[in-house]
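The structure appears right after this line, and notes come after that.
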Amino acid sequence: MAYELEKRLVVGIASSALFDLAEADAVFREQGEEAYRAYQEQHLDDTLGSGAAFPFIRRLLSLNDLSPDDPLVEVIVLSRNDPDTGLRVMRSIQSHGLPISRAIFMQGRSPYRFMPSLNMSLFLSANESDVREAVALGLPAGRVLGPVAADESDDQDLRIAFDFDGILADDASEQIYQTDGIEGFRSHETTNAATPHDPGPLRDFLANINRLQQREEEQRAKDPDYKIRVHVSLVTARNAPAHERAVRSLKGWGVTVNDAFFLGNIDKSTIMGVLKPHIFFDDQVRHLAGTARSTPSVHVPFGKMNEPERPAPDEAPQ
């Protein structure tokens, strides 16, 4: 019988997001592909250290204990390595005890185009060009930024934080802010408070996370001692009165968050230091410049704010 993916949360992960590949990448950049291949062969049995997305992935997979015979979560490696050099990645996965058994290795090419056929609602990579190409095709992808955070084994919670505009919602209101300023933005959001936004790139991923949370609630109904592990927060630069449309949009889409932080222009990193999410998604690099110093952060290059600037007429393309 075929292994069906339709009812599972499926995440694609590049080895660059899951593990710390700085040393191997340096060999590739400085000495070329053949030296890289030789290096990986020589270090085949050396387990790779954790990367920025490792704590998130480990905790996400741990939720399969809610349904051991029919896993709720599937993580699939999507890698630019060829099968030979990918052996070290798979051995490291095994050494770390991660229940990941499926992988796609494509020498020098990113496999992100297989995301729809694998029912993936998220792809994480440290490769900026791969992520941008995936997002340009309408696929939910993000570039993982530092740090390589300590993965505390006694902390079994999974804390996920999302920005709103350009992440859960589209960037239509952000475009209004850019053209009409803060007062124009507030006026527009107040007038349209009852009209849900169009969904953004990670709305469906949140919906899948909510289904995991529902399974947790069902488990707690059967076992009052069960401790809820998944916690979802909204951390946005919106504040009143623009907060109302965000709340109503979530409700209109049928998705929920546990907590919401409407911060205005407060630096998001001040909240992250207390909230300590295992992953935070934002569409603006300027916000992530602060959070990425202490929080595993993901840049989703969605919307007009992330379109490459066109060169001036007398400027040659770079």
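In terms of its alpha-carbon gyration tensor, the range 1-103 comes out prolate; a/c meets the 1.5 threshold, and the first ratio a/b outweighs b/c. Under a model in which nothing but the beta-carbon of Lys, Arg (+1) and Asp, Glu (-1) is charged, the chain shows a dipole of about 600 debye around its Cα centre.
Legend: residues Ser16, Ser95, sorted from most to least accessible area (1.4 Å probe; ligands, DNA and RNA excluded), read Ser95, Ser16.
With a ≥ b ≥ c the root eigenvalues of the C-alpha gyration tensor of the range 171-318, is it rounded (a/c under 1.5), prolate (a/b larger than b/c) or oblate? Since a/c reaches 1.5 and a/b is larger than b/c, the shape of the range 171-318 is classed as prolate.
Charge dipole (Cα centre; +1 on Lys/Arg Cβ, -1 on Asp/Glu Cβ; no other charges) of the range 1-100 amounts to roughly 280 debye. Spin-label model, Glu307/Ile228: points 7 Å from Cα along the beta carbon direction are separated by 4.1 nm.
Note on Ala221 and Asp198: the extension gain reaches 4.9 nm, defined as 0.36 nm multiplied by sequence separation minus the Cα-Cα distance. Full extension of the chain segment joining Arg109 with Asp69 gains 11.0 nm, where the gain is 0.36 nm per residue of separation less the Cα-Cα distance. Exposed loop sites, defined as GluC sites (Glu not before Pro) outside DSSP H, G, I, E and B with at most 13 other Cβ atoms within 10 Å, are absent from the longest region of the chain, namely 153-308.
In this view, the solvent-accessible surface of Val257, computed with a 1.4 Å probe and all protein chains in place, comes to about 40 Å². When only Cα pairs below 8 angstrom with a gap of at least 6 residues are kept, the range 26-152 shows a relative contact order of 24 percent.
With a Förster radius of 35 Å applied to the C-beta separation of Asn119 and Ala172, the computed FRET efficiency comes to 0.80. Take the Cα of Glu128, step 7 Å toward its Cβ, do the same at Glu23, and the gap between the two points is 2.6 nm. To the nearest 0.05, how large is the calculated FRET efficiency for Asn258 and Arg102 if R₀ is 30 Å and r is the Cβ-Cβ distance? With R0 = 30 Å, the Cβ-Cβ based efficiency is 0.50.
Ordering Asn192, Gln156, Val144 by Cα displacement along the dipole of the range 130-221 toward the positive end leaves Asn192 in first place; charges were set at the Cβ atoms of Lys, Arg (+1) and Asp, Glu (-1). Loop-located trypsin sites (Lys or Arg not before Pro) in the range 1-67 (DSSP state other than H, G, I, E, B) with a sparse environment of at most 11 neighbouring Cβ atoms within 10 Å: Lys7. Note on Thr191 and Val274: their simple-model spin labels are 3.6 nm apart, each label 7 Å out from Cα toward Cβ. Listed by chain and number, the aspartates and glutamates whose alpha-carbon sits under 16 Å from that of Lys276, ignoring those within fewer than 8 places in the same chain, are Asp151, Glu152, Asp154, Asp155, Asp157, Asp163, Asp259, Asp267. Assuming charge only on the beta carbon of Lys and Arg (+1) and of Asp and Glu (-1), the dipole of the range 32-147 about its Cα centre is about 280 debye to the nearest 20.
Highest mobility in the GNM of the chain, judged by mean-square fluctuation with C-alpha springs under 10 Å and restricted to Gly290, Gly51, Gly32, is found for Gly32.
Gain on full extension, evaluated as 0.36 nm per residue between Glu183 and Asp155 minus their Cα-Cα distance, stands at 5.8 nm.
Decide, for the range 94-183, between rounded, prolate and oblate: order the square roots of the alpha carbon gyration tensor eigenvalues as a ≥ b ≥ c, take rounded if a/c falls under 1.5, and otherwise choose prolate if a/b is larger than b/c, else oblate. Cα axes put the range 94-183 in the oblate bin.
Ignoring everything except DSSP H segments at least 4 long, calculate the 222 nm mean residue ellipticity for the chain; use -39,500 (n - 2.57) per segment, divide by total residues, nearest 500. Rounded to the nearest 500, it is -11000 deg cm²/dmol.
The values are calculated or read from the model by the stated rules, or taken from the named source; none is laboratory data. A quick note: this is a predicted structure, and the numbers were derived from the prediction, not measured. Positions of Cβ are generated from backbone atoms using ideal geometry, with glycine treated the same way; all protein chains shown enter the neighbour counts. Please note that ligands, DNA and RNA were not included when accessible areas were found on the heavy atoms of the full protein model with its side chains. Shrake-Rupley method; radii C 1.70, N 1.55, O 1.52, S 1.80 Å.
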